[in-house]
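The values are calculated or read from the model by the stated rules, or taken from the named source; none is laboratory data. Keep in mind that what you see is a predicted model, and the values were worked out from it rather than measured. Here the Cβ is made from the backbone with ideal geometry for all residues, glycine too, and neighbour counts use every protein chain on show.
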Amino acid sequence: MSSRFAPFRPDRVTQGSLLLPRLRDRRWLSHMALLNAGGWLTVALVLSLEGLIAAELRNSPQAWWPSFGYSLAIFSIWMVLTPLLAFTVHRIEAQITAWPMRLLLYIAGWPIVCLLHVGLFALLFWNVYADSARMPTRGAFAIAMFVRNMDLDGFLYAGIVLGMIVWRRRTVQRIPPARSPGEPLAIRVRGGVRLIPLDTIDWIGAAGDYAELHVGTSVELVDESLSALAQRLPVDAFARIHRSTIIRRDRVAEIRSAGHGDAHIILSDGSILRLSRRFRSNLIDSRSRLTTGEVPVSERA
């Protein structure tokens, strides 16, 4: 390899850091925590009142505080599970484009979340609410709770999933695509929107649900997945070479075979990135600008 190229660095091929900007915002986290706690407290209060009224109508009045305490215990577990479930929905919506697969995952998640709910409840509150004669173990208590609360847990699970999907789609800002290589790319960053000239971008790497724009010596974290970003880039200027990498075509200096249909792409700044066999045709085919002699490219065995 020519001395003008930097040595191979595996860390430049990886997806990058899994940064989640909102999770570093303490004010946003505190607001979400208060909303979560307040929401489940309200649900516990409403259902306790409903049970109290129903008991009065059946002429079998019951004490308020034990009923409210039981409801509070039930929904305190949901308060713990809600952030985990919301984060999971966010990842599914961001990374899986086929709706049948998303639907399948959500259906499969229903019994898992229900089991987590009753399992945690049995672990924490078996000594308080279990009938030791009929349910002598936490396992027996959990099974009874699972059967008793399956419909309510399913309703709550569906509500959280649907609510998260609607919230995410409404809050994702729609940004128009860059129509030509000369137009800037509008990207979402923490605090607003920035315009990045397309001709300054060297390559783009995936970072979990986000993307990293490598612009010269700087890296911009974009609040958008790599797949969504790829749909807004002009195909004559950019090519996806890996499920985690997009490059600018005119930055390619050399292509070296890695065997089995894979290759290493060497950019003009010395970065070395992997070209996957799956995306090889995006860069090397009869229609590609790279085969017309516009940039110096060599492919060596």
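Structural remarks
- Residue satisfying condition, being free of Cβ contacts under 8 Å to residues at least 60 places away in the same chain and under 14 Å from the mean Cα position of the chain (by Cα), within set L233, L213, L226: L226
- T88 modelled with pLDDT of 85 or more, among the polar types (S, T, N, Q), in the same structural domain as L152 (by TED's automatic domain parsing) and within 15 Å of the chain's Cα centre (by Cα): yes
- The number of residues in the range 199-231 being polar (S, T, N, Q) and assigned to a strand (DSSP E or B) comes to 1.
- Selected residue (criterion: nearest to I201 (Cα to Cα)) from residues of the range 256-269 that are touching a residue at least 40 places away in the same chain (Cβ under 8 Å) and buried (at least 20 other Cβ atoms within 10 Å of the Cβ): L267
- Among residues of the range 97-131, those that are free of Cβ contacts under 8 Å to residues at least 24 places away in the same chain and part of a loop (DSSP other than H, G, I, E, B), counted: 3
- Top-ranked residue in the range 178-198 [being outside any strand (DSSP E or B) and surrounded by 13 or more Cβ atoms within 10 Å (Cβ to Cβ); ranked as modelled with the highest pLDDT]: L198
- Among residues of the range 241-255 being surrounded by 14 or more Cβ atoms within 10 Å (Cβ to Cβ) and under 28 Å from the mean Cα position of the chain (by Cα), the one that is farthest from A207 (Cα to Cα) is R248.
- S60 surrounded by fewer than 17 Cβ atoms within 10 Å (Cβ to Cβ) and in a loop (DSSP other than H, G, I, E, B): yes
Let's see how each residue does on (1) in contact with a Leu (Cβ under 7 Å, 6 or more places away or on another chain); (2) assigned to a strand (DSSP E or B):
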site	(1), (2)
A239	yes, yes
D250	no, no
S257	no, yes
G270	no, no
R274	no, yes
